[in-house]
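One structure below.
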Amino acid sequence: MDSPSSGTSESTHWLTTSRSSFVESFRSVRLSAIGRIDKEDLRKRILIPEYLRFAMKDAILSKDINGVGLIISDANCEAPEAPMVVFVNSKSGGRHGPFLKSRLQDIMGEEQVFDLSVVKPPDFVQYGLGCLEKLASLGDECAKEVREKMRIVVAGGDGTVGWILGSLSELNKQKREPVPPTGIIPLGTGNDLSRSFGWGGSFPFAWKSAIKRFLHKAVTGPICRLDSWHIIVSTPSGETVDLTYSLKPTEECSIDQDLDVEGEISETSTCFEGVFYNYYSIGMDAQVAYGFHQLRDEKPYLAQGPISNKLIYSGYGCGQGWFCTPCMSNPSLRGLKNILQVHIMKANCSKWEKVPVPSGVRAIVALNLHHYGSGRNPWGNLKPEYLEKRGFVEAHADDGLLEIFGLKQGWHASLVMVELISAKHIAQAAAIRLEIRGGEWREAYMQMDGEPWKQSMNNEYSTFVEIKRVPSQSLMISGD
């Protein structure tokens, strides 16, 4: 055990965690019975004026904002308190996705509810919000006010939320502020982003009445900030990378080459980049996640909801040897210390510092939020004395720091995930650089925000990963 954690007794905390989804659903039933939300009053607070709804829809479908100059503005128009659009991942949430979409359209109209299989977030940002900005530039005060007050709700899992946030971040780059804040209706398996901002960890049983409550909270909730992290992966040219959708090729490869390296640096390299909001990891946990995703793609009938997903995930972890296979029998099961060198940059510091990789660690995670792996807190609620001793500060989602920890064999990881012990604390960092050497390792597994990928390793040359904070923060609506 790395450090004692403050709070209630271990057994009580474990029971509370295991029943969290049921408690959240029960609470939603009780709250809906106590204070019902009037549908018409809610509509008045979020419904965008009709001419603007149709103008946005036409601009998105045609992928052209030039036609909006022909729109006749309504001089008597008043912008609602919190004009809102909802993105629905109809493939998430098992059978709930399509019904949720229909229920939302009944409350707020078809033009303000976007199915992600039809309308992509980048198109909404470029053409939907662009339409409002165009009308505002032509003197439409109602369009200007709607654009300034706009709020977004995402009905989906962590990956879907990250997709929306990444698309909205383009507004900062293009100097098109303000960036709309984002709320969440949790439809995924882990829902760690949703948990971190008070939106709950699961879709409630009484979902029909809960939808109005979600929208009401999206209207009234205060705005919070969330750090996002830019990642660059530089691999020797010619190596195969099984890319996830969250990584894109890039020609700009700004990996810091001035640090000491243990392997060799290839003269030519291929680079990929992406952004994550919750965590990045390398090692056995990413390998298990990769295997689960492959199995789900090959046999989708096995994964019909969060519970079945978690059972399959756990079974796959056992099958991959995290628990029972002798580590010395296979180089791929040995600790990351054999292939990994870690440098970090601390807050308000411009120099890189090498940190040792603990022996026996088979997965390393860089965590931005309190929640990981369906609501667990592997970093722990650390006591002030321990924080001071290690030179750490209390972790927050907007503090500009990542918490880096290690997981050993499966039994250690299991105890961490039920929060009986804390993970192996390694460091807190404002930037991270990893050097991964090949040797006997043929491939490495990595993931960010639940999206895993497999990367071939070169026997001679090292692969590098560099993580730095994105200058602008994402805006989130608090559901608490």
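Read-outs throughout are calculated quantities, based only on the coordinates presented, and are distinct from any laboratory measurement. Nothing here was measured: the structure is a model prediction, and the numbers come from that model. Please note: Cβ atoms are built from the backbone with ideal geometry, for glycine as well, and neighbour counts cover all protein chains shown.
Here are the numbers for this structure:
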| item | result |
| --- | --- |
| Reachable lysines from K212, criterion Cα separation under 22 angstrom, eight or more residues apart if same chain | K39, K44, K91, K101, K149 |
| Fraction in percent of alpha-carbon pairs per bin - 10 Å, the range 113-247 | 10, 35, 33, 16, 5, 1 |
| FRET E, pair F54, S209, Förster distance 25 Å, beta-carbon r, rounded to 0.05 | 0.25 |
| Spin-label pair D398/K354, simplified geometry with 7 Å Cα→Cβ offset, distance in nm | 3.8 nm |
| All-pairs alpha carbon distance profile, the range 89-157, 10 Å steps from 0, percent | 18, 44, 28, 9, 1 |
| Normalised per residue, the volume of the convex hull around the Cα set of the range 37-180 (Å³) | 104 Å³ |
| Calculated FRET value between K346 and E148, using beta carbons and R₀ = 41 Å, to 0.05 | 0.60 |
| Contour minus Cα-Cα distance for E443 and T220 (0.36 nm per residue) | 75.5 nm |
| Angstrom value of the Kirkwood radius, inverse mean 1/r, which spans all Cα pairs in the range 87-129 | 10.8 Å |
| Calculated over the range 176-269: convex hull of Cα atoms, volume per residue (Å³) | 194 Å³ |
| Distance violations [Cα-Cα > 20 Å] among K57/K144; K354/K424; K248/K351 | K248/K351 |
| Scattering curve values for the range 428-480, log₁₀ I(q)/I(0), Debye with Cα scatterers, q = 0.18, 0.24, 0.27 Å⁻¹ | -0.78, -1.04, -1.12 |
| log10 of Debye I(q)/I(0), alpha-carbon scatterers only, for the range 155-214 at 0.12 Å⁻¹ | -0.34 |
